[in-house]
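Every number here is computed from the coordinates shown, using simple stated rules; none is lab data. Just so it is clear, the structure is predicted and the values come from calculations on it, not from any experiment. Note: ideal-geometry Cβ built from the backbone for every residue, glycine included; neighbour counts use all protein chains shown.
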Ligand code: SF4
């Protein structure tokens, strides 16, 4: 298959979303913020679920131009051994973290499926919720991971612009645009319950990417109506290699985009990471965002060792402690939530071609 799936074609229901995204919109940013705030309060209450990333390995055979872990970078390579993983998880628990996202690069001998599977088992024995942001896998592999305790995957398409995608993914398995595009469906077929999508803002036209991302979410929501869906809004950060994004996204543009997603897709969880500044994160809490990372380290073994931005995947922008961040949320009458909610799901995210909840 070398053609784009039909669901990426323009749909009849996207006019309003496009209008909200546009800087020439008839809706001011204040109007969008007010509507978004009301919808967030109605659907999610005054809560913020919190998670932290845990880097298992920074080995990677791919050559993504924008990443500090690309195989041509001089970044020292390291894999967290499983006895070290126990210690890392304990260090995270001391910070109050019980919801984690395990990360690796693309599949390598150092960090292959068996290594990942055992890592998920160990993490699930310590934490309440375990998700992964790793390499694309087969349905059978996702099934094994779900049994081991993995409930969610995050897989960013990075950009839906195929030409830009081909330029940016210089070599390695991630070059395969269509295989990556199909990954969320394979994960759901294998029994994974939640899917996180996103584009790396700065790589291509942000308005076009936001629209394609919207179509992807709509497609998954219709096909897998029981799946928990989330969307993240990562903006390019300084990283080893020094790639300069050609499509810089301003705070104003990003805020408009976040509000548009909240209003168009009221049930979808919206995520903001420590890539963003404390001021922007605090501003978005309560207006649209319902899930945030805290106390993040982007190096392998970063919770037992100080963060070294020279060896991380990217520089962290909000380096407040978990306590300081929770205090800032409480100042806004928002309750930080560390516990997971997967028990609300009592089965796989069954595909339903008719797209209708029973
Ligand atoms: S973005 Fe992922 S696949 Fe690409 S170089 Fe970085 S770690 Fe590897």
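Which log10 I(q)/I(0) values does the chain give at q = 0.15 Å⁻¹ under the Debye formula, counting every alpha carbon as one identical point scatterer?
-1.50
For a quick size check, give me the Cα extents of region 89-239 along its three principal axes, largest first, whole Å.
42, 37, 31
Over region 59-106, calculate the relative contact order: mean separation of alpha carbon pairs under 8 Å at least 6 apart, over the residue count, as a percent.
Working: 29 pairs, mean separation 21.9, N = 48.
Once normalised by length, the contact order is 46 percent.
Take every Cα-Cα distance within region 77-169, group them into 5 Å bins from 0 onward, and report for each bin the whole-number percent of pairs it holds.
3, 12, 22, 22, 17, 11, 7, 4, 1, 0
How much of the DSSP beta bridge set in region 9-343 is antiparallel, as a percent to the nearest 5? It would help to have the intermediate numbers written out before the result.
On the way: 2 of 37 bridges.
Here the antiparallel bridges make up roughly 5 percent for region 9-343.
Between region 140-157 and region 246-270, how far is it from one alpha carbon centroid to the other, in angstrom?
One Cα centre to the other: 26 Å.
In a GNM of the chain with a 10 Å cut-off on Cα contacts, which of 156, 66, 115 has the highest mean-square fluctuation?
Of 156, 66, 115, the most mobile in the Gaussian network model is 115.
In a GNM of the chain with a 10 Å cut-off on Cα contacts, which of 251, 209, 161 has the highest mean-square fluctuation?
The residue with the greatest mean-square fluctuation here is 251.
Need one number: nm distance between label points at residue 77 and residue 114, each 7 Å from Cα along Cα→Cβ, rounded to one decimal.
Using points 7 Å along Cα→Cβ, the separation is 1.9 nm.
Gaussian network model of the chain, Cα springs within a sub-10 Å range: biggest mean-square fluctuation belongs to which of 298, 159, 108?
Result: 108 has the largest fluctuation of those listed.
For a quick size check, give me the Cα extents of region 209-305 along its three principal axes, largest first, whole Å.
Over region 209-305, Cα extents along the principal axes are 42, 32, 27 Å.
Would you please state the base-10 log of I(q)/I(0) at q = 0.18, 0.21, 0.25 1/Å for region 192-247, with intensities from the Debye formula using one equal scatterer on every alpha carbon?
Each listed q corresponds, in turn, to -0.67, -0.80, -0.96.
Peptides 81-89, 5-13: what's the order by average Cβ count within 10 Å, highest mean first? Each step should come with its number before you reach the end.
Details: 81-89: 15.8, 5-13: 11.0.
Packing proxy ranking, top to bottom: 81-89, 5-13.
Under 8 Å for C-alpha pairs, at least 6 residues apart: give me the relative contact order for region 9-343, rounded to a whole percent. Walk me through the numbers on the way to the answer.
Values: 650 pairs, mean separation 87.3, N = 335.
About 26 percent, as a whole number.
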